[in-house]
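To keep things clear, I will list the structure first and then write my remarks on it.
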Amino acid sequence: QVQLVESGGGLVQAGGSLRLSCAASGRSFSSYGMGWFRQAPGKERELVSALDSSGGITYYPDSVKGRFTISRDNAKKTVYLQMNSVKPDDTAVYYCAGTRYSISYSHSMYDYWGQGTQVTVSS
């Protein structure tokens, strides 16, 4: 069993930066693929980044590519999302998730979820 706790959300001005962290507890964290999802009011949950268990493969949709960076520190059992040049459209609740697969691009393949952290970008 893996438990995930996000932190680092808050209010930021457009063009600014924010770093989200996701601390994991439990065994075998280093074998899990990790992802960050977000959900804005009235919208579906969307994947904004994914990282394989080794940290060598990443995925970003076009909406965040070049602005967001996902990384992990397996020794600290933590995954990060560095958000740069944020936009008002980035406003959402951000969720950290873990999958038993090396990497996954579908929310249905993720087994463990954090409680979410709010990110609000002001214009």
Completion exercise
Residues whose modelled amide H sits under 5 Å from the amide H of VAL2, counting only those 5 or more places away in sequence or on another chain, are none
Practice task
Taking a cut-off of 16 Å between Cα atoms, list the aspartates and glutamates near LYS43, but don't count ones fewer than 8 places away on the same chain.
Solution key: ASP89, ASP90
Handout entry: Which of CYS96, ALA23, THR117, positive extreme of dipole for the chain (C-beta unit charges)
Key = ALA23
Fill in the blank from the handout: Probe 1.4 Å, heavy atoms of protein chains only: per residue, the accessible area of the range 9-123 in Å² is 50
Completion exercise
In a Gaussian network model of the chain with springs linking alpha carbons closer than 10 Å, the residue among MET83, MET109, MET34 that fluctuates most is MET109
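In the range 37-107, carbon and sulfur make up what percent of the accessible area (probe 1.4 Å)? Display every interim value, and only then the final one.
On the way: 1710 of 3620 Å².
For the range 37-107, the apolar C and S fraction of the accessible surface comes to 47 percent.
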Exercise for the section: Mind listing the long-range amide H neighbours of VAL86? Cut-off is under 5 Å, sequence gap 5 or more, other chains count too, H placed in the peptide plane at 1.01 Å from N. Expected result: GLY15, GLY16
Problem - Using alpha carbons only: equivalent-ellipsoid semi-axes of the range 18-66, gyration tensor based, whole Å - result: 22, 14, 10
Fill in the blank from the handout: Under the Karplus relation with 6.51, -1.76 and 1.60 and θ = phi - 60°, whole-Hz ³J(HN,Hα) for the range 46-63, x at Gly and Pro, equal 10, 6, 10, 5, 9, 9, 7, 4, 8, x, x, 10, 10, 9, 9, x, 4, 5
Problem - When the convex hull of its Cα atoms is projected in every direction, mean area for the range 77-123 (nm²) - result: 4.2
Exercise for the section: Note down the relative contact order for the range 5-112 as a percent, whole number, built from C-alpha pairs under 8 angstrom at least six residues apart. Expected result: 34
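Given just the C-alpha atoms of the chain, how large is their convex hull per residue in cubic angstrom? Kindly include the intermediate steps, with their values, before the conclusion.
On the way: hull volume 11.0 nm³, N = 123.
Value for the chain: 89 Å³ per residue.
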Fill in the blank from the handout: Going residue by residue through the range 111-120, the Karplus relation 6.51 cos²θ - 1.76 cosθ + 1.60 with θ = phi - 60° gives ³J(HN,Hα) values, rounded to whole Hz and with x marking Gly or Pro, of 9, 10, 9, x, 7, x, 9, 7, 10, 10
Completion exercise
Counting only residues 5 or more apart in sequence or on a different chain, those whose built amide H sits under 5 Å from that of VAL48 are TRP36, PHE37, ARG38
Problem - Label-to-label distance, nm, for residues given as ARG45 and ARG27 (7 Å Cα→Cβ offset) - result: 2.6
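Which value, in debye to the nearest 20, describes the size of the charge dipole of the chain about its Cα centre when Lys and Arg Cβ atoms bear +1, Asp and Glu Cβ atoms bear -1, and nothing else is charged? Please list the in-between numbers first.
Values: 12 positive and 9 negative charges, 45 e Å.
Using only the charged Cβ atoms, the result is roughly 220 debye.
The values are calculated or read from the model by the stated rules, or taken from the named source; none is laboratory data. Quantities reported herein were computed from a predicted structural model and do not represent experimental measurements. Note: ideal-geometry Cβ built from the backbone for every residue, glycine included; neighbour counts use all protein chains shown. Only protein heavy atoms, including side chains, enter the accessible area calculation; ligands, DNA and RNA are left aside. Shrake-Rupley method; radii C 1.70, N 1.55, O 1.52, S 1.80 Å.
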